[in-house]
Amino acid sequence: MSDFQAEYDAYCNEYGTPDRIEMMLCDLNAVLRGKWLPGDEVDKLINGGVRLPMSTYAPNILGSEVEATGLGITIGDPDGFIVPVDGTLKPVPWANGNVAQVLVEMVDEDCNISSISTRNHLRNVIDRFEKEGLHPVVATELEFYIVKRRDDSSDAPSPPDGLPDAQNYDLEVLNQSEAILTEILETSKAQGLATDALIAEYGPGQFEINFHHTDDVLAAADTALMFKRLVIGIVDGHGLEATFMAKPYAEEPGNGMHVHASVVDDDGNNIFASENDEDVSPRLKAAVAGVLGTMRDMQAIFAPHMNSYRRFQPNSFAPSAPDWGLDHRGAAIRLPEISGPGARLEHRISGADVNPYLVLAAILGGIHYGLHHECDLPLPLEDDKSSDAEPLTHDWTTAVALFEESDFAKDLFGEDYQKIYTAVRRDEIKELTSIITAVEYRYYLSRL
């Protein structure tokens with residue numbers, strides 16, 4: 001707690017006492033939930049005087065309690081004590097007044113972080129590497145669309161005026177959106193987010209941000225989470241909307257979250273690095289085999305929602321099978337570099353609609369699994385003898401069933417969380433697939 005007091009004092013010295021502190025708890029869906037606390041009542045946060053129900057970690061996407069999780073009112077909906085995450089107290093420049101934000105977790109009476117915290121699950125996977133003197137290094141890339149503000153939340157999106165149909169790497173598109181993009185980059189800097197390159201992506205109004213590689217994996221996931229909030233807030237201030245929805249347009253590319261990952265030892269040596277530029281090292285091959293071998297089990301993490309599966313349709317501009325290649329952008333796993341400190345794999349399956357903590361846990365868990373088990377490695381896509389891998393499922397229900405039955409998921413997340421995650425996804429499936437759509441009314445009601 002004393003660390004946060006120093007952090008808060010430093011904030012006040014630079015910005016003054018905040019009007020309010022927005023305490024942000026990441027739920028299973030990466031939706032931020034929490035409370036506003038007056039800035040002059042920060043002692044409540046420091047001394048453990050702020051609480052939330054533990055079930056806040058695991059609602060469905062509608063925000064409702066899921067009885068099948070065993071959380072919530074079925075057990076009395078007990079509270080947890082909110083604690084701040086060190087290093088995440090930041091200004092909120094797009095808000096009115098002096099507003100601060102801080103990521104928080106919940107602990108029990110013994111100060112143990114909740115076992116249903118997605119951030120804590122990532123920490124547990126990192127610990128597996130640390131115990132072996134190994135340290136993951138990651139970087140994420142996030143894609144998002146800017147769309148016109150809609151009158152109703154059920155309206156379809158449309159791109160801002162004056163954009164080309166295909167804008168990939170188009171500098172004029174960046175110029176046209178300069179005010180928004182400059183504010184995004186400047187605010188990212190103010191919040192200490194390690195942004196790198198920003199590009200115009202293929203779809204109209206679509207952009208991609210790259211983040212710097214870091215061995216602070218928790219901070220990388222924090223950054224992805226806070227960046228999404230930042231973009232949505234800033235774009236709203238310009239009279240538009242931003243979305244990280246996996247597939248907002250049927251005929252345009254979806255939004256992905258690519259993850260670059262490597263592993264270094266205690267001496268800082270990249271264990272994936274080959275001695276030459278032609279041969280993939282045995283440990284990088286093992287890591288690739290691990291993430292490919294666990295990809296089907298983890299698809300419900302990489303594609304958590306109904307809309308996520310539209311990215312896995314044929315000709316949808318996204319990898320859809322557990323395959324790999326050397327610098328092959330059509331592959332699920334791409335190897336941009338195989339020698340030197342930059343040797344790494346790029347995991348290209350996830351949509352931008354994911355929980356970044358769970359995705360990084362699943363990818364790193366697959367790497368760790370591959371380093372410790374003999375996993376079959378198919379031939380790379382560039383090999384003339386390679387054959388097409390069986391595609392990942394495009395069915396949400398099937399992906400959730402694979403996760404539910406997975407021994408790998410049980411080992412990685414624990415049996416209790418495996419059941420909670422499955423229960424939330426099944427509840428979301430029940431809620432959303434029971435809705436009769438406008439398409440069904442249009443083509444069936446008057447014809448059948």
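The values are calculated or read from the model by the stated rules, or taken from the named source; none is laboratory data. These numbers were taken from a predicted model, which means no experiment stands behind them. Methodologically, a virtual Cβ is constructed for each residue, glycine included, from the backbone with ideal geometry; neighbour enumeration extends over all protein chains shown. With ligands, DNA and RNA removed, areas are computed over all heavy atoms of the protein, side chains included. Shrake-Rupley method; radii C 1.70, N 1.55, O 1.52, S 1.80 Å.
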Report, by residue number, each residue of segment 379-404 that is farther than 27 Å from residue 278 by Cβ and in a loop (DSSP other than H, G, I, E, B).
390, 391, 392, 393, 394, 395
Among 345, 371, 335, which is over 26 Å from residue 247 (Cβ atoms), in contact (Cβ under 8 Å) with a residue 40 or more places away in the chain and in a strand (DSSP E or B)?
335
Starting from segment 395-414, take each residue that is within 12 Å of residue 425 (Cα to Cα) and list its partners that are of a type in the set (Phe, Trp, Tyr) and crowded, with 22+ Cβ neighbours inside 10 Å, counting only C-beta distances under 8 angstrom and pairs at least six apart or across chains.
396/309; 399/309; 403/421
Considering only residues that are in contact with a Phe, Trp or Tyr (Cβ under 9 Å, 6 or more places away or on another chain), buried (at least 20 other Cβ atoms within 10 Å of the Cβ) and modelled with pLDDT under 95, which ones fall in segment 286-318?
311, 318
Please enumerate the residues belonging to segment 144-184 that are in contact with an Asp or Glu (Cβ under 8 Å, 6 or more places away or on another chain) and surrounded by fewer than 19 Cβ atoms within 10 Å (Cβ to Cβ).
148, 149, 150, 157, 164, 168
Looking at segment 65-93, which of its residues are over 21 Å from the mean Cα position of the chain (by Cα), open to solvent by 40 Å² or more (accessible area, probe 1.4 Å) and either farther than 23 Å from residue 432 by Cβ or of a type outside the set (D, E, K, R) (or both)?
68, 73, 74, 75, 76, 77, 78, 79, 81, 93
Consider residue 275 against the criteria (1) closer than 23 Å to residue 378 by Cα; (2) at pLDDT 95 or above; (3) not aliphatic (A, V, I, L, M): it satisfies all of them except one. Which criterion is unmet?
(2)
Scan segment 351-373 residue by residue and report those that are crowded, with 24+ Cβ neighbours inside 10 Å and aliphatic (A, V, I, L, M).
352, 354, 358, 359, 360, 361, 362, 363, 364, 367
What are the residues in segment 127-137 that are touching an Asp or Glu at 6+ places or on another chain (Cβ under 8 Å) and surrounded by 13 or more Cβ atoms within 10 Å (Cβ to Cβ), if any?
134, 135, 136, 137
Please determine, by comparing only the residues of segment 229-248 that are under 13 Å from residue 146 (Cα atoms) and out of contact with any helix residue (DSSP H, G or I) (no Cβ under 9 Å at 6 or more places or on another chain), which one is surrounded by the most Cβ atoms within 10 Å (Cβ to Cβ).
232
Residue count, segment 8-33 (criterion: buried (at least 16 other Cβ atoms within 10 Å of the Cβ) and either assigned to a strand (DSSP E or B) or touching an Asp or Glu at 6+ places or on another chain (Cβ under 7 Å) (or both))
9
Within segment 94-126, restricting attention to residues that are touching a Ser or Thr at 6+ places or on another chain (Cβ under 9 Å) and of a type in the set (S, T, N, Q), which residue is surrounded by the most Cβ atoms within 10 Å (Cβ to Cβ)?
101
Residue list for segment 188-206, filter: assigned to a helix (DSSP H, G or I) and either open to solvent by less than 10 Å² (accessible area, probe 1.4 Å) or touching a Cys at 6+ places or on another chain (Cβ under 8 Å) (or both)
188
With 28, 103 as the choices, which residue is within 30 Å of residue 301 (Cα to Cα), modelled with pLDDT of 95 or more and in contact with a Cys (Cβ under 8 Å, 6 or more places away or on another chain)?
103
Some residue of segment 289-299 being of a type in the set (A, V, I, L, M, F, W, C), under 23 Å from the mean Cα position of the chain (by Cα), within 17 Å of residue 364 (Cβ to Cβ) and part of a loop (DSSP other than H, G, I, E, B):
yes
Restricting to segment 380-400, and then to whatever is over 21 Å from the mean Cα position of the chain (by Cα) and not charged (D, E, K, R), can you tell me which residue is farthest from residue 280 (Cα to Cα)?
398
Might you let me know whether segment 139-146 holds any residue that is outside any strand (DSSP E or B) and closer than 30 Å to residue 207 by Cβ?
no
Those residues of segment 34-64 which are in a helix (DSSP H, G or I) and closer than 27 Å to residue 423 by Cβ amount to 54, 55, 56, 57
Return yes when residue 420 is more than 28 Å from residue 313 (Cβ to Cβ), surrounded by 18 or more Cβ atoms within 10 Å (Cβ to Cβ), in contact (Cβ under 8 Å) with a residue 24 or more places away in the chain and of a type outside the set (Lys, Arg) and no when it is not.
yes
Here is a check on your reading of the model: is residue 447 assigned to a loop (DSSP other than H, G, I, E, B) and of a type in the set (Lys, Arg)?
yes
Answer yes or no as to whether residue 376 is open to solvent by less than 30 Å² (accessible area, probe 1.4 Å) and part of a loop (DSSP other than H, G, I, E, B).
no
